[in-house]
Amino acid sequence: MGQEDPARPYGARARPRLTAVRNQPADRSAGWNELHVFEFSAVTREAAAAAMGEVRVLRRRWVMLALFSVTSMANAAHWIMYAIIANIATRYYGVSDMAINWTSIVFMAAYVPLVFPASWIIERQGLRVAVLLGCSLMCAGSWLKVVSAAPDRFDIAFIGQTVVGVAQMFTLGVPGRLAAVWFGAKEVSFACAVGVFGNQLGIALGFLIPPAMVGDHEDLEKITADLKVLYYVFAAVPTVVLVLLVLFFEKRPPVPPSLAQAALLKQELHLGNGHQAKAAAASQGEDGAGAGAGAGKGKAARDSHYARTIKQLLTNPSYVLLILGYGMNVGTFYAVSTLLNQIILAKFPIAEYPSAIEDAGRVGLTMVLMGVLGSIAGGLVLDTWHKFKETTIVIYILAVLGMVAFTFSVSSGNMVLVYVTAGFLGFCTTGYVPVGYEFGAELTYPHSESTSVGLLNAAGESIGIILVLGAGEVLQLYGSEITNYGFIGALIFGLFISLFIKNDLRRLAASKQQQDLHDESARKEHTRF
């Protein structure tokens, strides 16, 4: 694990390392075939590095992580911006509470049908294309909302919100993938937690900023002025971020950061280039048509591989149990967040508590900020002790206790107690996200992290939609207390499911195996001399 090559300027592309190819004997058999593939695919340094077992982490991995985290933050800030000021938004736009709830639900509804094509794009085109596409969509939706600051333009606001919701397809599934592609084995869980932190920070800002910027004025013109400022801020930030991504964000490092990633990269190169290399060899001396056909076969092979990956993941019993458990935990958080304004105002009416709207936003902020601490703590625990299932169960038990405490604190009418219990609930529910991502990556290795994370998020979004719609109706009919009891039941069910997940840590085992082979090779080399 050395440092970045100081001889190469920051951001410069490494030259292809052809030495290993040129020094091979004329007899192109056995070990030569592996490197021969690289010759036909315009050998890159990462391919040669994977072939020779070179592993190195680069300093600029932190720049990639920071750029992605800011992108994710800018997107997540939009999610709850209407629901947290539901009483103002319903009066301003002249719509129902359920219509405002749908501005949050649309993020979840967009994710479910698009998770597979988005994961396919991340796999086929890489991190740079995916993140740039997501940020571009976010900019388009944000600027569309700028023109929706009028009481008769809720349809435009909803379309803009939907476009931003579609953009999240290219951020939610990235943290695990980015961590694996750029970071070493001993820091991958922490890097994933930091990537998730960006999303959580954005949600926190979504709770904090709209109530602070949009006043509950009787005059709709004043609300229009407040909304315009809010919309311009929420559009300017992703625009600046998009420029930074174009200038600095990279697809992947030139050298694998871990032995597990090096082994996986070799496997991907064989899969993607096998057909292409055969066609190129067969077409030497001809018009090159065979090479084009080979490239087409290579793409077909990768598409077929992706379909097989989905099938294998969905037939992995432990991973399916994790999907359900993760969905219950995260879906509950989504539902509580979406309905938080209505839950708080049901027990703390504005007539008696003039700051209740701002308090609802700050309670949500407290949940998310404590969730950030929970995410980082979970990542550090996993990197230190690698106790994935044990960490999952402990967090789940604490989440159930947190939901029980939050339910009784809201019913008590004590706002200070609501802040405290909401923070504890956020620590356990939001803090579970990176733990679920990393546990999923372990259970599904060597399959791509973006695919396993995509399925986990799809479960969270799907269950979140069901809980929001169901809980929204229960809230209107029976009040907040019964609604919260339903959330407690959902978490208990998720805990029960999680107890049956097998602790099958495949990625960790692969890293250990690669390290053992590397150490054995080093010992043999030392013995020779």
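The values are calculated or read from the model by the stated rules, or taken from the named source; none is laboratory data. From a predicted model like this one, the values you see are computed outputs, not experimental measurements. So basically every Cβ, Gly included, is an ideal-geometry build from the backbone, and we count neighbours across all protein chains shown. For the accessible areas, the whole protein counts, side chains as well, though only heavy atoms, and no ligand, DNA or RNA atoms are used. Shrake-Rupley method; radii C 1.70, N 1.55, O 1.52, S 1.80 Å.
One residue alone among 512, 502 is of a type outside the set (A, V, I, L, M), at pLDDT 90 or above, surrounded by fewer than 19 Cβ atoms within 10 Å (Cβ to Cβ) and closer than 21 Å to residue 388 by Cβ, and that residue is 502. The set of residues from region 232-260 being aromatic (Phe, Trp, Tyr) and open to solvent by 40 Å² or more (accessible area, probe 1.4 Å) comprises 232, 248.
Within region 113-130, is even one residue of a type in the set (Asp, Glu) and either crowded, with 24+ Cβ neighbours inside 10 Å or over 27 Å from residue 247 (Cβ atoms) (or both)? No - not one qualifying residue is present in region 113-130.
Residues in region 153-167 that are among the polar types (S, T, N, Q) and open to solvent by 10 Å² or more (accessible area, probe 1.4 Å): 162 alone. One residue stands out among those in region 462-499 that are at pLDDT 95 or above and out of contact with any helix residue (DSSP H, G or I) (no Cβ under 8 Å at 6 or more places or on another chain): the one that is nearest to residue 422 (Cα to Cα), which is 489. Of all the listed residues (366, 384), the sole one being open to solvent by 10 Å² or more (accessible area, probe 1.4 Å) and in contact with a Gly (Cβ under 6 Å, 6 or more places away or on another chain) is 366.
Can you find a residue in region 60-68 that is assigned to a helix (DSSP H, G or I), of a type in the set (Phe, Trp, Tyr) and either surrounded by 24 or more Cβ atoms within 10 Å (Cβ to Cβ) or modelled with pLDDT of 90 or more (or both)?
Looking through region 60-68, at least one residue is assigned to a helix (DSSP H, G or I), of a type in the set (Phe, Trp, Tyr) and either surrounded by 24 or more Cβ atoms within 10 Å (Cβ to Cβ) or modelled with pLDDT of 90 or more (or both).
Residue-by-condition table, conditions (1) within 23 Å of the chain's Cα centre (by Cα); (2) crowded, with 21+ Cβ neighbours inside 10 Å; (3) in a helix (DSSP H, G or I):
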| site | (1), (2), (3) |
| --- | --- |
| 192 | yes, yes, yes |
| 197 | yes, yes, yes |
| 204 | yes, yes, yes |
| 207 | yes, yes, yes |
| 210 | no, yes, yes |
| 215 | no, no, no |
| 221 | no, no, yes |
| 225 | no, no, yes |
| 230 | no, no, yes |
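Scoring residue 95 on the criteria (1) aliphatic (A, V, I, L, M); (2) in a helix (DSSP H, G or I); (3) free of Cβ contacts under 8 Å to residues at least 60 places away in the same chain leaves a single failure, condition (2).
The residues listed here are 441, 459; of these, the one that is modelled with pLDDT under 95 and open to solvent by 10 Å² or more (accessible area, probe 1.4 Å) is 459. The lone criterion from (1) in a helix (DSSP H, G or I); (2) in contact with a helix residue (DSSP H, G or I) (Cβ under 7 Å, 6 or more places away or on another chain); (3) closer than 22 Å to residue 64 by Cβ left unmet by residue 128 is number (2).
Output the helices (runs of 4 or more DSSP H) that fall wholly within region 441-528 and possess 1 or more residues being within 29 Å of residue 169 (Cα to Cα) and in contact with a Lys or Arg (Cβ under 7 Å, 6 or more places away or on another chain), or say none. Per the criteria, 449-478. For residue 186, the stated conditions hold: it is over 14 Å from the mean Cα position of the chain (by Cα), in contact (Cβ under 8 Å) with a residue 40 or more places away in the chain and either open to solvent by 40 Å² or more (accessible area, probe 1.4 Å) or farther than 20 Å from residue 89 by Cβ (or both). Only one entry in 330, 336 is more than 30 Å from residue 446 (Cβ to Cβ) and either open to solvent by 10 Å² or more (accessible area, probe 1.4 Å) or not acidic (Asp, Glu) (or both), namely 336.
Where helices (runs of 4 or more DSSP H) fall wholly inside region 276-395, the ranges with 1 or more residues that are touching a Leu at 6+ places or on another chain (Cβ under 8 Å), farther than 30 Å from residue 501 by Cβ and modelled with pLDDT of 80 or more are 317-347, 356-385. Screening residue 150 with (1) of a type outside the set (S, T, N, Q); (2) surrounded by 20 or more Cβ atoms within 10 Å (Cβ to Cβ); (3) in contact (Cβ under 8 Å) with a residue 60 or more places away in the chain; (4) closer than 25 Å to residue 97 by Cα gives one miss only, at (2). Every condition in (1) in contact with a Pro (Cβ under 9 Å, 6 or more places away or on another chain); (2) open to solvent by less than 10 Å² (accessible area, probe 1.4 Å); (3) over 29 Å from residue 315 (Cα atoms) is met by residue 376 except one, and the failing one is (2).
Per the listing 402, 436, 426, the residue uniquely at negative phi, part of a helix (DSSP H, G or I) and under 13 Å from the mean Cα position of the chain (by Cα) is 436.
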